[in-house]
Each structure stands twice: as C-alpha cells, then as structure tokens.
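What follows is one structure encoded as structure tokens, with my remarks underneath.
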Amino acid sequence: LTLFLMLALYAFKSLFILLITIIPLSVCFNLNVVMNRIPLFQGLSKPPLRQPPLLRSTTLSSTNALETSTSPTRLHSTKPKPRILSGIQPTGSLHLGNYLGALSQWVPMQDEYDCNFCVVDLHAVTNTKDHKLQQSPAGLREWTLSSSALYIAAGIDPKKSNIFVQSHVTAHSELSWLLTCTCPMGWMDRMIQFKEKKEKSSGDSVGLGLYSYPVLMAADILLYGAEKVPVGEDQRQHLELTRDLARRFNDQFCTGSQYKKLCKSLSLPTYPVFREPEAMIVKEGARVMSLTDGTSKMSKSDPSEASRINVLDPPDIIAQKIKRCKTDTVEGIVASDDRPEAKNLLTIYKAVQPDRDPSEVEDEVRDMNWGTFKPLLADAVVAHLAPIQERYKEVRSEEGYLEDVLKQGGEKADEIASVTVKRARAAMGFVERF
C-alpha cells in the first residue's frame with residue numbers, strides 16, 4: 001500500500017509539472033497568432049530575419065560577359081568604370097604629335113576610366129612597302145618595345161591601366177577575319193584615308209592590308225567592348241564603321257529564339273555580342289602639324305626627319321629642327337588660319353607649358369620675331385620632354401620590367417578578348433573548341 005501511494009504521488013507531481021509548462025506556451029502561441037492579425041502589431045512578434053551572407057560582386061563587363069568576383073565585397077558595390085581602348089602604331093619613334101595629341105591626354109583618363117592601351121603592331125605592317133620597314137624589318141621589334149616604354153614614361157601607370165601588344169592577343173586577327181566576311185565592299189570603298197594614301201602611292205605599293213585595316217581597327221575596339229574610344233576627327237569615319245559592323249553583326253547573328261537557345265546550351269550570355277562604342281574626341285589645340293608643312297599632320301611616315309620632333313630626340317637635335325622649320329615672313333607670332341606654320345608653332349609652345357594661361361602665352365609672343373621665338377620654343381620643348389626621356393631610360397634599363405608589364409597586360413587582355421571571340425564564333429555557327 002505504501003509503495004502504491006508513493007507511485008501515485010509521483011505520477012500526480014509529474015502531471016502537474018507538465019500542465020504548468022504546456023498551458024503558458026499555448027497561451028503565448030494563441031496570443032502571437034492574434035497579434036499577427038492586428039496590423040498595428042504585425043511583425044513585432046516575428047523572430048529576427050537571418051542576415052544574408054556576403055554577396056559576390058557581379059558586374060557587366062564591356063565584353064558583354066557576366067563576370068563574378070570570388071572575393072567578398074560590400075552589399076552595395078561601386079559601378080564599374082566605363083572601358084576605353086586606344087593605341088599607336090610602332091612604325092618608328094613616337095613624335096611630339098603622338099605625345100601631345102594622344103599620350104598626354106590618356107594620362108588623366110586613368111582615374112575615371114578602365115583604360116586599355118595597346119601598341120598596334122599589326123597595323124604597322126598593313127603596308128609592307130613602307131620605307132622604314134623596307135630598310136629595317138627588325139626595327140619593328142625595337143619600335144614596339146620603345147613605344148611601350150614611352151607609354152609608361154609619359155605617365156601611363158601599369159597599376160591603373162592595361163598596357164599590351166596587339167599581336168600578343170590572337171583574338172584580334174581572328175575577329176578581324178570574321179568581321180571582314182560580314183563587311184560589304186561598298187563600306188570599305190568609302191574610307192577617305194585609303195583614297196588619300198592610294199593617291200600618294202603607285203598601284204603596286206598599296207597593299208590589301210591598307211584597304212581592309214579599318215576592319216582590324218573595328219575588331220580591336222569591339223573585342224574589349226570599349227564604351228569610349230579616344231579619336232581625332234580624322235578617325236571619326238573609322239569609328240562609325242565600327243558601329244556599323246557591330247550593328248550589322250548583332251542584327252544578322254544575335255537575334256531570335258535559336259540564338260538564345262544556342263547561347264544557353266553553351267552557357268553564354270544571350271544578349272548581342274557587340275557593344276556600339278562612342279567617340280571621345282580629343283580636345284582642340286592638340287593637333288600638331290609638320291614642321292615642314294603647316295597644313296599636314298606631323299607623321300612618322302613622312303620621309304623627312306626634319307618634319308617632326310621625336311619624343312626621344314636629344315636637345316641639340318630638337319633645337320636644330322626648330323631653327324630650320326618652315327615659317328613665314330610676317331612679323332609677330334599669332335595663331336591665324338592663314339598662317340598655318342605660325343599657328344602650329346604657337347600651338348606647340350602652349351601645349352608644352354600646360355601650367356601657363358594660354359592668353360598669357362599669346363601676349364608674350366605676339367610682337368616677337370622668329371629669331372627670338374624659336375630659341376624660346378626649343379627650350380620649352382626640351383624642358384617638357386626631359387623628364388619623359390629620363391623615365392624612358394629607367395624603364396628600358398630595368399631588366400625584365402617592361403617585358404613583365406607587357407606579359408601581364410597581354411594575359412589580361414586575352415582573358416577579355418577570348419570571351420568576345422568565343423561568343424562571336426558561336427553566334428556564326430562555328431563548332432566550339434573541345
């Protein structure tokens with residue numbers, strides 16, 4: 001009997017504990033349901049949401065490929081910089097026109113844009129009848145390295161911008177051929193620069209490469225999906241051709257459900273392959289003309305060395321070229337359209353003194369004669385180019401540095417370009433590489 005009473009008491013105690021535990025929970029649950037039905041209390045009784053994991057940064061690159069970074073970033077990532085692409089032919093030593101008209105204007109772009117600057121050596125051989133290539137075929141290598149080093153010496157920072165050699169990225173040649181096969185002959189016949197160069201040359205000296213190189217230029221731009229392209233007015237027509245080719249290719253190969261199915265089967269984006277770039281016209285006043293003809297651009301292709309000031313010319317050569325340059329007989333140095341040589345030399349004088357007010361410079365030389373002005377101009381040019389020449393020597397003397405910059409630049413460029421050409425090949429129906 002005693003044992004029975006003890007078991008009954010134990011059972012009653014357990015039941016009592018169970019009841020006082022369940023009843024409050026039930027009341028709380030019902031109260032929670034009721035509160036959630038009242039708008040004033042909605043959300044107050046809900047448990048806190050679990051914090052989302054760190055997001056992976058995704059940006060739409062200018063190659064039209066979705067790139068995903070594996071490193072964690074802030075939830076609100078910054079907008080990627082617009083991409084630009086530009087380059088200079090290594091058909092000789094870079095001259096003052098290349099520097100003032102292009103290089104010096106590229107430098108401030110580096111903080112605002114995703115900059116890609118290449119040495120366009122494939123364009124340098126579009127006319128193998130060029131007198132320089134005939135005299136020194138091996139010179140192409142040295143001019144390529146020299147131009148690359150001058151990019152850096154002029155202020156292009158490899159840490160901010162991508163510097164590479166065009167031929168190191170095989171996608172340039174491949175895409176050029178694909179675009180050539182889609183480009184109508186009539187479009188090429190309208191290219192003004194080819195007509196001008198053809199008139200200056202005999203029939204046998206004009207190569208097919210000179211005729212079709214605007215398509216290669218279009219491939220250069222479209223490979224990297226450049227949003228902006230720094231060009232002068234003389235290159236505006238070539239940029240319009242690039243836009244036309246991009247639009248034609250996209251309309252012909254990148255529309256319809258069949259294209260989208262193909263892209264999905266290959267794990268490629270389904271939007272059109274090419275972006276239509278916009279022109280970034282260089283500022284006025286940077287157009288440098290020949291020292292022997294104020295109506296013609298300073299050019300590496302001019303047979304006369306006296307027509308240009310090379311960035312690497314020593315001070316005595318610079319002074320000699322300026323002393324002997326073509327001028328007129330009018331007193332005073334004034335920028336006037338009917339005095340092309342005076343306008344050109346005054347433009348150079350102002351450009352190599354960027355910290356001075358242009359109107360101040362004009363007032364300084366307004367009443368000067370040529371004998372007084374030319375030594376001033378020579379001194380200003382020498383002083384402006386001196387730090388560039390010094391930096392150039394440092395870049396070329398540091399063993400392996402330039403090669404490493406070009407190697408890394410080429411690898412980075414190839415990563416971008418290979419995606420674009422892969423998409424172009426797929427759109428046209430080529431079998432993917434296995």
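The values are calculated or read from the model by the stated rules, or taken from the named source; none is laboratory data. Keep in mind that what you see is a predicted model, and the values were worked out from it rather than measured. A quick note on method: Cβ atoms are made from the backbone with ideal geometry, for glycine too, and the neighbour counts reach across all protein chains shown. Ligands, DNA and RNA are stripped out before the accessible areas are found, and what is left, the full protein with its side chains, is counted by its heavy atoms. Shrake-Rupley method; radii C 1.70, N 1.55, O 1.52, S 1.80 Å.
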What GluC sites (Glu not before Pro) in the stretch 351-434 are in a loop by DSSP, with at most 13 other Cβ atoms within 10 Å of the Cβ? 398, 399, 432
Over 19 Å between C-alpha atoms is what I'm after, so list which of 297/343; 228/300; 297/326; 297/393; 79/264 land there. 228/300; 297/393; 79/264
Tally up the carbon and sulfur contribution to the accessible surface of the stretch 248-338 as a whole percent, 1.4 Å probe, everything protein left in place. 50 percent
Restricting the stretch 258-344 to trypsin sites (Lys or Arg not before Pro) in coil, as DSSP defines it, with at most 12 other Cβ within 10 Å: 283
Sequence ranges 5-12, 140-147, ranked by mean other-Cβ count within 10 angstrom, highest first: 140-147, 5-12
How large, in Å, is the stretch 333-434 by the Kirkwood hydrodynamic radius built from its alpha-carbon pairs? 18.3 Å
Here the residues of the stretch 412-434 lying in the modelled label zone of residue 252, meaning backbone nitrogen under 11 Å from a point 7 Å along Cα-to-Cβ, are 428
